[in-house]
Amino acid sequence: MSQVRECETPEDRMVEILSRLPPKSLMRFKCIRKSWCTLINSPCFVAKHLSDSVDNKLSSSTCILLNCSQAHVCSEESWKQGVLWSVINLSIDGDELHYDIEDLTNAPFLKDDHHEVEIHGYCDGIVCVTVDENFFLCNPATGEFRQLPDSCLLLPLPGVKEKFGLETTLKGLGFGYDCKAKEYKVVRIIENYDCEYSDGEETYIEHTALPHTAEVYTTTANSWKEIKINISSKILSLYSYPYSCSVYLKGFCYWLSSDDEEYICSFNLGDEIFDRIELPSRRESGFKLDGIFLYNESITYYCTSYEERSRLFEIWVMDNYDGVKSSWTKHLTAGPFKGIEFPLTLRKHDELLMIASDGRATSYNSSTRNLKYLHIPVIIYRNRVIDYAKSIVPVKRVEGKAPFSPI
């Protein structure tokens, strides 16, 4: 170890120090020296900073990105909805849970506050979000973003004057990194209906389901391409299951899915192939499959049993998946709880972060069985909480448009 330190140059020490600084500081330091700007923008430094941030995320301290909607009163008769991204830093000292909140900038691509922002995917510090009908990639830590081009498959609703039309609905959205092509990709699964309208009205007189379609966006080409769905799949609606949106892990996107049985649908970003992962059936035990998230770099799902006015949760972790069969282990049972809606994520030391009926975040320690309310912004329906590692991974600019300048 001493030999390594003796060979270490001042430049190496500077890189080591800078790589451990938060993105907001690094964005400022880029303006101090040209050499620092070149270094911070270099792919090697970006990768090292991301690696250090991920290592910190896997340590005793945890960083969670929270997408919150807040109501701001403008007058006695009006109010507006604001979107705020906050980072919660959690750490455990013995049996004590400590946390602090850092507010990031408001969603930088919003021109006003009258929009609904939903997080649908996350990878390497970049989030994939929808803003009304538009799609964005954004790095909340740096404020950079890019709007994705329009889809050829996701169409606007037919006009009122048209008697026939194709209605399309977004049913699945995933985002992640293709290790083979070394680029980020977005995948969308779209539900299609052949509709017939009554004359002059927007009500349907016929609504025929058509096969699902799918498309992939690549950051290099900055365009969408249609791909085949090679399995029979009914992706659960994002709007019915907002807290079970896609999860990315090691080149794959995962969704909660259902036909006659509930299962997990996976998508290989490299081969662009869908697959089906079977789940242990819990219906006979009165449990309903409700959501998926990551725990210790493993796909994890939870199911819920409703008992009178309380809820009991089971947490299951996938041990292995060889492309054909999957094996699962029940990790823990939590509850029954009164006034708790559902789990958000499972943290180290089996600290379960949950949302209460009134929107307050709660933390439950399965060892001590202590339930603690966290003093953070209220989480409302359709918002998303993700394990987060701050990064300076650039959201590459679209031709002719400069990236957003962080505040």
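All of the numbers you see were taken from the coordinates with simple rules; none came from a lab. A quick note: this is a predicted structure, and the numbers were derived from the prediction, not measured. Note: ideal-geometry Cβ built from the backbone for every residue, glycine included; neighbour counts use all protein chains shown.
Quick notes on this one:
- Residues whose amide H lies under 5 Å from that of Leu332, counting only those 5 or more places away or on a different chain, are Ile315; hydrogens are built 1.01 Å from N in the peptide plane.
- Packing order of peptides 209-215, 250-256, highest average first: 250-256, 209-215 (average count of other Cβ atoms within 10 Å over each peptide's residues).
- Estimated distance in nm for a label pair at Glu102 and Ile273, the labels positioned 7 Å out from Cα along Cα-to-Cβ: 4.1 nm
- Protection-proxy order for peptides 34-45, 270-281, each taking the mean of Cβ atoms within 10 Å per residue, highest first: 270-281, 34-45
- Peptides 117-126, 309-318, 22-31 ranked from most to least packed by the mean count of surrounding Cβ atoms within 10 Å: 117-126, 309-318, 22-31.
- Two-site FRET efficiency, Arg309 against Asp12, from Cβ-Cβ distance with R₀ of 56 Å, rounded to 0.05: 0.40
- Formal net charge of residues neighbouring Leu21 (Cβ-Cβ distance under 13 Å; K, R +1; D, E -1): +4
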